[in-house]
Amino acid sequence: MNKNLKNARIEKNMSQAELAALADVTRQTIGLIESGNFNPSLHLCIRICNVLGKTLDQLFWEDKNV
Amino acid sequence: MFRPKNILDERQEKEMLIIEHRACVFMYSGLAFDCVIGIVTGNLHLSFSIMIGIFFFSCIYIASSSMRKGIWDRYLRPNHKTNLVISLLSTGIVFLLLIAGLLFRIMNEGEPIISNFRKIFPILLFSAFFFIFVFALISILSSLTIKKQRKLDEEYCNDK
């Protein structure tokens, strides 16, 4: 489950539908990325990062040591 | 060269490619089987029937699988305008094919085209029914796809 993405979206006070519209994907795709059921391409990751104003590390890097 | 914009996102595109891949594998293996049947039995009617069956089964598989995933088309949105355009286009193609078939038969029989002019009316009538049928079918399928999209949205999405 991608909690970083979900937290960043909630931080921005954005719904999944709003994020989906700005990232040019369907709401279902955002839901699946957040639940960890779909691995987005780097291109889509960058688009989502740009919309949320975060870096790739902040949203998609999983630190195994934590 | 003009290429319409792909309206599917990358997840939908991936799902669509999986569906198309399965249909393609089925079609290739089905056609190979059909060739074997044709060569072994020598029955061209049977071979042609199998080929038509494979084609229709593949079409139904692609349509039903993509609808189950809430996908309508790569380039068209499921609305009345596109449904109307697609219905008109398909009706136009069917009408032209039927007219071509009629002209071919008339010319083979060596009769003048003018005296067979009234034979065009059954074709016109069939084309009208075909248009109504295709438009109704596409409208029902597109509304089912929209419903499925909404259901999937509710199933996978969690705003909180």
Take the stretch A:13-33 and flag every residue that is closer than 18 Å to A:Phe60 by Cα and within 7 Å of another protein chain (Cβ to nearest Cβ).
A:Gln16, A:Val25, A:Thr29, A:Gly31, A:Leu32
Any residue at all in the stretch A:2-12 that's facing chain B (nearest Cβ under 8 Å) and in a loop (DSSP other than H, G, I, E, B)?
no
How many residues are out of contact with any Asp or Glu (no Cβ under 6 Å at 6 or more places or on another chain), in a loop (DSSP other than H, G, I, E, B) and at the interface with chain B (Cβ under 8 Å from one of its Cβ atoms) if we restrict to the stretch A:34-47?
4
Top-ranked residue of the stretch A:7-52 - restricted to ones that are small (Gly, Ala, Ser) and over 11 Å from the mean Cα position of the chain (by Cα), ranked as surrounded by the fewest Cβ atoms within 10 Å (Cβ to Cβ)
A:Ser41
Which condition number in (1) over 11 Å from the mean Cα position of the chain (by Cα); (2) more than 9 Å from chain B (Cβ to nearest Cβ); (3) outside any loop (DSSP other than H, G, I, E, B); (4) not small (Gly, Ala, Ser) is the one that A:Glu62 fails?
(3)
Could you count how many residues in the stretch B:8-53 are under 30 Å from B:Ile71 (Cα atoms), touching a Leu at 6+ places or on another chain (Cβ under 8 Å) and of a type in the set (A, V, I, L, M, F, W, C)?
2
Test: residue in the stretch B:8-25 that is in contact with a helix residue (DSSP H, G or I) (Cβ under 7 Å, 6 or more places away or on another chain) and touching a residue at least 60 places away in the same chain (Cβ under 8 Å)
yes
For the stretch B:147-158, check the following and say yes or no: at least one residue is more than 24 Å from B:Pro78 (Cα to Cα) and free of Cβ contacts under 8 Å to residues at least 40 places away in the same chain.
yes
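Here, each number is a calculation from the coordinates, and none is a lab measurement. Not measured: the values here are computed from a predicted model. Cβ coordinates were reconstructed from backbone atoms using ideal geometry, including for glycine residues, and neighbour counts include every protein chain displayed.
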